[in-house]
Amino acid sequence: MGNPVTKGRPRPTSPGTHPSGDDRFRYLDAAMKRQRYRPDALIEVLHTAQELFGYLEPDLLRYVARGLRLPPSRVYGVATFYHLFTFHPKGEHTCTVCTGTACYVKGADTLLGVVEQLTGTPPGTTTADGRISLETARCLGACGLAPIVVFDGKVVGQITPEEIVDRVKGWLDHGS
Ligand code: FES
């Protein structure tokens, strides 16, 4: 994303094009307005921001902070606390390895290592060619099926290192 954030203009509400030239901010403004700029609507507003922009970059977090009249440190703290928010552009494909306790006990670390080795990208980053993002999650709520890996939104339980290699290799070799 370029730098579409309009400084010092947290609440433009008039219809039409947003002064920044990026209409996504118009929708974000509308979302904040709907919440009456309540500071306790922060998580919901961050969700909307991520849906609109794909990820939360520092300028965007500052924009939300101004809109909700919150200290930027508070917004950053909340955004980084929750695993559902991301701070870098996502790749074409996303592999999310659950590293919660049950999955960890069942070898999540090995799975993570295998993907990292295969893609050359550490957890929380995207390959240089933008094809694959490797993410971790704390607990996906399906501990009985541990270890859990999510491939482009599709949850796969009791996965083995061989299976994860096959999937990721498919992305690398054929893009599917
Ligand atoms: S720890 Fe992985 S689903 Fe709960």
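Side notes on the structure shown:
- When you filter the trypsin sites (Lys or Arg not before Pro) in the stretch 21-77 for DSSP loop state and at most 12 other Cβ atoms inside 10 Å of their Cβ, you are left with Arg36, Arg69.
- For the chain, cysteines whose Cβ has no other cysteine Cβ within reach (under 4.7 Å): Cys95, Cys139, Cys143
- Helical content of the chain, expressed as a calculated mean residue ellipticity at 222 nm, amounts to -12500 deg cm²/dmol (DSSP H runs of 4 or more residues, -39,500 (n - 2.57) each, divided by residue number, nearest 500).
- Phi angles of the stretch 94-105 translate, via the Karplus equation with coefficients 6.51, -1.76, 1.60 and θ = phi - 60°, into HN-Hα couplings of 10, 10, 10, 9, 6, 10, x, 4, 4, 6, 4, 4 Hz per residue; Gly and Pro are given as x.
- Rounded tilt (10° steps) of 58-67 against the dominant C-alpha axis of the chain: 40
- Taking a Cβ cut-off of under 13 Å around Ala49, the surrounding Lys, Arg, Asp and Glu residues balance to a net charge of -2, with basic ones at +1 and acidic ones at -1.
- Folded to 0 to 90 degrees: helix 108-119 orientation relative to the chain principal axis, Cα: 80
- In sequence order, calculated HN-Hα J values of the stretch 125-139 (Karplus, 6.51, -1.76, 1.60; Hz; x Gly/Pro): 10, 10, 4, 4, 7, x, 8, 10, 9, 10, 10, 10, 9, 6, 7
- When nucleic acids and ligands are ignored and a 1.4 Å probe is applied, Asp173 ends up with an accessible area of around 100 Å².
- Length gained on full extension, Asp152 to His88: 21.4 nm, using 0.36 nm per residue less the C-alpha separation.
- Relative contact order, whole percent, for the stretch 70-176 stands at 30, derived from Cα pairs under 8 Å and 6 or more residues apart.
- Between helix 72-81 and the chain there is an angle of about 20 degrees, using the helix long axis and the longest principal axis of the Cα atoms.
- Three-way shape call for the stretch 67-109 based on the alpha-carbon gyration tensor, with the a/c threshold at 1.5: oblate
The values are calculated or read from the model by the stated rules, or taken from the named source; none is laboratory data. All figures in this text were calculated on a predicted structure; none of them were measured in a lab. All Cβ positions, even for glycine, are placed from backbone atoms using ideal geometry, and neighbour counts span all protein chains on display. Protein only, heavy atoms only, side chains kept; ligands, DNA and RNA dropped before computing areas. Shrake-Rupley method; radii C 1.70, N 1.55, O 1.52, S 1.80 Å.
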